[in-house]
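The values are calculated or read from the model by the stated rules, or taken from the named source; none is laboratory data. Remember, predicted model here, so these are calculated numbers, not experimental data. Because the Cβ atoms are built from the backbone with ideal geometry, glycine has one as well, and the counts that use them run over all protein chains shown. We work out accessible area using only protein heavy atoms, side chains counted, and drop any ligands, DNA or RNA first. Shrake-Rupley method; radii C 1.70, N 1.55, O 1.52, S 1.80 Å.
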Amino acid sequence: MKLTIDNYKPLYEADPAHWAEMSVEAKFDYLTDEIKKGNNDARFHLSLQVTKQNFKSIPSEKLIAWCHKMPYANLPIASLFLGFCYECGYGVQQDYVKALSCYENANQKGSIDSLYYLGEMYRLGMGTPVNYQKAAAYLTDTVKYDTSNPKALVSLALLYMEGNGVEENQDKALELMTEANILNDLSSYYYMGVLREKRGECSEAVKYYRNAHKFSDVSEEHALAAYRLGVIYEEGQGIIHDDSKSFVYYLEAAQKGIVDAQYRVATFFENGRGTDTDRRKARTWYIKAAMGGNPKAQLYLGEMYEDGFLEENIKPNIDAAFSWYIRAAIAGEQAASEKAEYILSHGYNVHMDIGEALDWLRRSAANGNQGAIEELERLKKVNAIDEKSDIQTTDGSHSAMADLDELIGMETIKKDVRELINLVKMQKLRREKGMKSLPVSLHMVFTGNPGTGKTTVARIMADIYREIGVLSKGQLVEVDRAGLVAGYVGQTAIKTQEKIDEANGGILFIDEAYTLAKKGNDYGQEAIDTLINLMEKRRDNFIVIVAGYPDLMKEFINSNPGLKSRFNKYIHFPDYSSEELVQIFMSLCDKYEYRLTDEAAKVIREKIENHVKNKNEQFSNGRDIRNMFETIISNQASRVMTDENISDEELMTINETDIG
């Protein structure tokens, strides 16, 4: 019988068994076709069948193309899928800011599913500063409209557990976590154990911890559950005290990276609790725990360096001891603070990392420690510190890190750079103290559109690495394809090596580096081969940063195994917001001593907002603002210079007619 509109049933209703066996991609193809035919119910089923857990089963090109194709681009589910892609870096450069924007767009279009993802972005600070109030609001709405979302229940319960964004309420947290547990959310087992343990119900807590430990051997909750079981067996809470079982659980958690467990394992090895005494293994675990930030382990390492390792014929090292005491003191370990104060007050000459020790020095000096007071005074006299910046160059000049902080916007980039610098400084310090250090590749990939500050940040990083002693000169040499590639066989290698020689001791910055990998008979490959060879030979005093559009740079790096193995650090430079571009324009006015009338300030803001709103492929962020500023200054000059008697006020003032 021929189907009519009245008796037509979509496949998911007509043949549920067959539907269940279909792949995610096949369901996506079918449902998007149904949507095209006008089946509105298929939109709901699409959100059920394609989730954040399985959306990668669909080829990224197909998924992203569908999301951008009209009229589907107007659907909330399309914005949601794009959010998944940006959050996970699937088919696009990972970008939490764009992911957040997509989720907000989906929410504005009425997507219930977007509520949970918005709640998580604000709870975890992804693409936005942490905002627990907004997180709580979104997650509350999620569990209100979707009672079958266990992960939303867990996240909201965590907010109630800690009193973040809502008033702390352990009973409410337990209620929500119980609902998630009934829905078989595996992470809820661990948190149920925490809540039961807080209530003093240790026997019940053990049951939940054991389930968390049993049902998943890869999640963080599994390792945390092992640690809590270790604590309970060690302290005999609700069960018989058993050091052997405690050690087994601690060791498992320690091996999975739980820092407090690493400290406990160290103490067990040192004292022969639940295992044989082994001071060498104890020291290994103390070092791991200390490097992970455990203050008690840091204190212990400080004591060991102060006394020396007699078993291994290692002499005392006051510098290393002081460094570890400082880290422990900053984390609140009072005994470490007292030991560091003792070293300073008794006249020991110690090497001190100012960025690491300054907060402690100030607190200690405020508490009356004479050694700390004298050290602060000495540092001020030599201009190592001042009231504006904690980190200064050795000659007292303005620091490169301060230059980075002064840049407008770029908060994620600043965080990424600081983390990298701290890692480099830590490994350098470890080498100086005779400790093993992790080889850190400093070559980087900067991705982003034109005018987003890539060259500026590269120049600042060159200065930072010079200041901390990683690079001998700290110069930045900027090149593009034309600066590396010659027109004849054999000349490209010579030309490339000349640029590398020029950059030795600093950073070679290659803009639009993907143009080196043109297909066909091209000399760009010769430049790449020369670059790879010399990057390896000069890795101790030479850094390469390649830059360009995100997708093209990813394709470029993946095109050559040598490039892929040497460039494993990516920093993405997102487009500036209209507000940030306004700030850039105002900063140019301040720098060159111009001021805007109130009306001009209003006009320039509107002009920039419209420029951002209507941006196209030629949009160049800060570069556009610089050009706009220069045009306005030229207009102002043409207007003012018609007067014979020009006042200082007129020379400095930009009005609305200058903006055009």
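Below, the figures for the structure above:
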item: Normalised convex hull volume, segment 253-297, alpha-carbon set, Å³ per residue; result: 55 Å³
item: Pairs of Cα atoms farther than 14 Å apart, segment 411-474, %; result: 63 percent
item: Percent RCO, i.e. relative contact order, over the chain, from Cα pairs under 8 Å lying at least 6 residues apart; result: 6 percent
item: Rounded if a/c under 1.5, otherwise prolate or oblate - segment 39-116, Cα gyration tensor axes; result: rounded
item: Cα shape, segment 186-324, gyration tensor, a/c 1.5 rule; result: prolate
item: Relative counts (whole %) of C-alpha pair distances in the chain, using bins that are 10 Å wide; result: 3, 11, 16, 21, 23, 16, 7, 3, 1, 0
item: Relative intensity, log₁₀ I(q)/I(0), of segment 110-234 from a Debye sum that treats every alpha carbon as a point, q = 0.19 Å⁻¹; result: -1.02
item: Volume per residue that the Cα convex hull of segment 453-579 spans, once the total is divided by residue count, Å³; result: 112 Å³
item: Simple label model, 7 Å out from Cα along Cβ direction - LYS109 to SER472, nm; result: 5.7 nm
item: Estimated distance in nm for a label pair at LYS607 and ARG431, the labels positioned 7 Å out from Cα along Cα-to-Cβ; result: 5.0 nm
item: Estimated FRET transfer efficiency (ARG279, ARG539; beta-carbon r; R0 22 Å; 0.05); result: 0.05
item: Under the Debye formula (equal points on every Cα, no solvent term), log10 I(q)/I(0) of segment 163-264 at q = 0.10, 0.17 Å⁻¹; result: -0.27, -0.75
item: Antiparallel %, DSSP beta bridges [both residues in the chain], to 5; result: 5 percent
item: Solvent-free Debye scattering, log10 I(q)/I(0), computed from the Cα coordinates of segment 102-148 at q = 0.13, 0.18 Å⁻¹; result: -0.24, -0.46
item: Relative contact order for segment 446-592, counting Cα pairs under 8 Å that sit 6 or more residues apart, in percent; result: 30 percent
item: Residues with amide H under 5 Å from that of ARG595, placed H, sequence gap 5 or more; result: THR653, ILE654
item: Relative contact order (percent, whole number), segment 152-278, Cα cutoff 8 Å, 6+ residue spacing; result: 14 percent
item: Cα-based convex hull, segment 135-200, per residue volume (Å³, whole number); result: 66 Å³
item: Segment ALA402-GLU162, length gained on full extension (0.36 nm per residue, minus Cα span); result: 82.9 nm
item: Relative counts (whole %) of C-alpha pair distances in segment 569-660, using bins that are 5 Å wide; result: 3, 13, 23, 24, 15, 10, 6, 3, 2, 1, 0, 0
item: Under Karplus coefficients 6.51, -1.76 and 1.60, residue-wise ³J(HN,Hα) of segment 602-611 in Hz, glycine/proline x; result: 5, 5, 5, 5, 5, 4, 5, 4, 5, 4
item: Solvent-accessible ranking of LEU48, LEU508, largest area first, probe 1.4 Å; result: LEU48, LEU508
item: Extension reserve of the ASN271-VAL24 stretch, reckoned as 0.36 nm per residue once the Cα distance is removed; result: 83.4 nm
item: Segment 514-633: C-alpha gyration tensor shape, a/c 1.5 cut-off, then a/b vs b/c; result: prolate
item: Residue-by-residue Karplus 3J(HN,Hα) for segment 537-550, coefficients 6.51, -1.76, 1.60, Hz, glycine and proline x; result: 6, 10, 5, 7, 8, 7, 10, 10, 10, 9, 9, x, 4, x
item: Rule-of-thumb Rg ratio for segment 436-525 [Cα; 2.2 N^0.38 Å; N residues]; result: 1.22
item: For the chain, calculated [θ]222 nm from helices alone, where every DSSP H run of n ≥ 4 adds -39500 (n - 2.57); result: -19000 deg cm²/dmol
